[in-house]
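Before any comments, here is the structure.
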Amino acid sequence: MAAVTGKPIDVHTWSTPNGWKIPIMLEECGLPYRVVPVNIGKGEQTAPDFLAISPNNKIPAIVDHDGPGGEPIAIFESGAILQYLGRKTGCLYPADERARVAVDEWLFWQVGGFGPMLGQTHHFKIYAQEKIPYAIDRFEAEAKRLYGVLDRRLDGRDHLAGDYSIADIATLTWAKLHGKQGVDLSGLPNVRRWLDTVLARPAVKRGLAAI
Ligand SMILES: N[C@@H](CCC(=O)N[C@@H](CS)C(=O)NCC(=O)O)C(=O)O
């Protein structure tokens, strides 16, 4: 585990589900950070300075001035950032291999499926100028399927993988917006219970308010 110094981590982010993950993690772990807003509505994600640290021109990205070997490191992709911060601090990312594999499974489930599919659902339902029934139906059905997977996973469990972890952080920021994704939680009691619990965490509230 690397030493944690007082130098703030720069968090290049915006008020979106992927963007909130990192301030929440930093609040949970008590690491000092500074938010650098990247207004994606104004296209700031394509600015050359931002591309230098986030080559896929998407938020979030971080610069840790006290990276490995005491040298700065820039990291993009929210899953990679959460894992890095978990390894750096030992916080919310278990060292035990079996426990870590379980966290990774649900973290990758979120970054590879739950997030992108819900993003498309939101896009076609709310943002698309042209309302395309095929696209709306397709992504709404996939959103409902994914919420069903989440509900079954949380049946008899407090968290996605063992103790509260980076997998929960990654997933809660998307589930928070279930209404905009056309998903009613009344038939998903385990998601409802879990979401209420994680959203009540003081660090989650502070992280959501950070940008
Ligand atoms: N796989 C990426 C996805 C990041 C992502 O999609 N970010 C969105 C905001 S939630 C973004 O920057 N959109 C701006 C754009 O696409 O131009 C991650 O998990 O970090």
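Tell me, yes or no, whether the range 44-53 has at least one residue that is aliphatic (A, V, I, L, M) and in contact with a strand residue (DSSP E or B) (Cβ under 9 Å, 6 or more places away or on another chain).
Yes, the range 44-53 has at least one match.
Which one of the conditions (1) assigned to a helix (DSSP H, G or I); (2) within 12 Å of the ligand (Cβ to nearest atom); (3) surrounded by 18 or more Cβ atoms within 10 Å (Cβ to Cβ) does residue 116 fail to meet, given that it meets all the rest?
Every condition holds for residue 116 apart from (3).
What is the residue count in the range 119-136 for residues that are in contact with a helix residue (DSSP H, G or I) (Cβ under 6 Å, 6 or more places away or on another chain), open to solvent by less than 50 Å² (accessible area, probe 1.4 Å) and within 16 Å of the ligand (Cβ to nearest atom)?
The qualifying residues number 3.
So which residues in the range 119-139 are in a helix (DSSP H, G or I) and of a type in the set (S, T, N, Q), if there are any at all?
Matches in the range 119-139: 120, 121.
Could you give me the residue pairs with C-beta distances under 7 Å whose first residue belongs to the range 36-48 and is in the same structural domain as residue 13 (by TED's automatic domain parsing), whose second residue is open to solvent by 40 Å² or more (accessible area, probe 1.4 Å) and within 9 Å of the ligand (Cβ to nearest atom) wherever it lies, and which are 6+ apart or on separate chains?
The qualifying pairs are 37/14; 38/14; 39/14; 40/14; 45/57; 45/58; 46/57.
Give just the number: which of (1) over 19 Å from residue 111 (Cβ atoms); (2) open to solvent by less than 60 Å² (accessible area, probe 1.4 Å) does residue 156 not satisfy?
Every listed condition holds for residue 156 apart from (2).
Is it true that some residue in the range 78-101 is of a type outside the set (Val, Ile, Thr), open to solvent by less than 30 Å² (accessible area, probe 1.4 Å) and over 19 Å from residue 207 (Cβ atoms)?
no
Just one of the numbered conditions (1) surrounded by 15 or more Cβ atoms within 10 Å (Cβ to Cβ); (2) out of contact with any strand residue (DSSP E or B) (no Cβ under 8 Å at 6 or more places or on another chain); (3) not aromatic (Phe, Trp, Tyr) is not true of residue 63; which one?
For residue 63, the exception is condition (2).
Can you find, within the range 159-182, the residue that is nearest to residue 29 (Cα to Cα) among those that are of a type outside the set (Lys, Arg), in a helix (DSSP H, G or I) and open to solvent by 10 Å² or more (accessible area, probe 1.4 Å)?
Looking at residues that are of a type outside the set (Lys, Arg), in a helix (DSSP H, G or I) and open to solvent by 10 Å² or more (accessible area, probe 1.4 Å), I get 174.
Any idea which of 185, 146, 195 is more than 19 Å from residue 60 (Cβ to Cβ), hydrophobic (A, V, I, L, M, F, W, C), touching a Gly at 6+ places or on another chain (Cβ under 7 Å) and surrounded by 14 or more Cβ atoms within 10 Å (Cβ to Cβ)?
The unique qualifying residue is 146.
Working only within the range 183-198, note down all residues that are part of a helix (DSSP H, G or I) and of a type in the set (A, V, I, L, M, F, W, C).
Matches in the range 183-198: 185, 191, 194, 195, 198.
The values are calculated or read from the model by the stated rules, or taken from the named source; none is laboratory data. Computed from a prediction, not measured in an experiment: that's the story for all the values here. Note: ideal-geometry Cβ built from the backbone for every residue, glycine included; neighbour counts use all protein chains shown. SASA here: full protein model, heavy atoms, side chains in, ligands and nucleic acids out. Shrake-Rupley method; radii C 1.70, N 1.55, O 1.52, S 1.80 Å.
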